[in-house]
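**Student:** To start, I am sharing the structure in question, which I have written as structure tokens.
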Amino acid sequence: MIKFSPQFKENNIKQKLKQAIFFVLFLSMIPLAGYAIRNIGTCTPNVPCIIPVWTWPYIYAPSGVLFAGLAFVFRDILQRLTNIRIAIIAVIIGTILNYILVDGIIAIAGATAYLISETTDTIIYSLLQKYNLILAILISALFGLVIDTLVFLQMAFHSLDYADGQIIGKLWMVLLSIPIIKACRKYI
């Protein structure tokens, strides 16, 4: 029988805890984005609530962009802490949650955009992560957020009116996460 040192057991528990935290953080972005798009910002009937994402000239985006941008980063970190199989399982669960938790056409558009964009993000991140973590997160998220924006807006609203704001808003969240990732890099 193999005996493990207390240090090994403690490190294993810490690793599993980090994995669980990022799994939950990633999946929580879906209901938070769905809630935000209906309740945070300037809200009018039958259109998404919007927030400013750029101040001169003012550019607006549906408020769910805040959480959608973070989802790409959390999925990348989840994959780094676990493996691609767990990341893909999380994307599938997230797609199902998106469809269940959000109403009507937003659910279909969100689930479709989510599945396509997160799969793209997963593939690109997988190819680049061995070279440079930060670059892998930035490039994979950029591809993912553009695809997510175009698919979601076209399917949900039959318009790309907020595409620039969506891309800027999601990119802000990705860029704001980079210093945190750099600071915590040795822990993830």
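**Student:** Would you confirm, using the coordinates I've provided, whether GLY110 is over 27 Å from PRO57 (Cβ atoms) and either touching a strand residue (DSSP E or B) at 6+ places or on another chain (Cβ under 7 Å) or open to solvent by less than 20 Å² (accessible area, probe 1.4 Å) (or both)?
**Tutor:** Taking the combined requirement at face value, the residue satisfies it.
**Student:** Let me ask another. Considering only residues that are more than 16 Å from SER117 (Cα to Cα) and among the aliphatic types (A, V, I, L, M), which ones fall in segment 50-65?
**Tutor:** Scanning segment 50-65 gives ILE50, ILE51, VAL53, ILE59, ALA61.
**Student:** On to the next question. From (1) more than 9 Å from the chain's Cα centre (by Cα); (2) open to solvent by less than 10 Å² (accessible area, probe 1.4 Å), pick out the condition that doesn't hold for VAL73.
**Tutor:** (1)
**Student:** Separate question: Condition check: touching a helix residue (DSSP H, G or I) at 6+ places or on another chain (Cβ under 8 Å), open to solvent by 70 Å² or more (accessible area, probe 1.4 Å) and among the β-branched types (Val, Ile, Thr). Does ILE93 satisfy that?
**Tutor:** Spelling it out, it is not the case that ILE93 is touching a helix residue (DSSP H, G or I) at 6+ places or on another chain (Cβ under 8 Å), open to solvent by 70 Å² or more (accessible area, probe 1.4 Å) and among the β-branched types (Val, Ile, Thr).
**Student:** Restricting attention to segment 131-153, which residues are open to solvent by 10 Å² or more (accessible area, probe 1.4 Å) and in contact (Cβ under 8 Å) with a residue 12 or more places away in the chain?
**Tutor:** Correct list: ILE134, LEU138, ILE139, LEU142, PHE143, VAL146, ILE147, ASP148, LEU150, VAL151, PHE152.
**Student:** When only residues in segment 152-188 that are over 19 Å from the mean Cα position of the chain (by Cα) and not in a helix (DSSP H, G or I) count, which is farthest from ASN98 (Cα to Cα)?
**Tutor:** By that ranking, first place goes to ASP161.
**Student:** Could you please let me know if GLY104 is open to solvent by less than 50 Å² (accessible area, probe 1.4 Å) and closer than 22 Å to MET155 by Cβ?
**Tutor:** No; evaluated as a whole, the condition is false for this residue.
The values are calculated or read from the model by the stated rules, or taken from the named source; none is laboratory data. In this text the structure is predicted, and so the values were computed from the model without any measurement. No Cβ is skipped: glycine too gets one built from the backbone with ideal geometry, and neighbour counts run over all protein chains shown. What goes into the accessible areas is simple: the full protein's heavy atoms, side chains included, and nothing from ligands, DNA or RNA. Shrake-Rupley method; radii C 1.70, N 1.55, O 1.52, S 1.80 Å.
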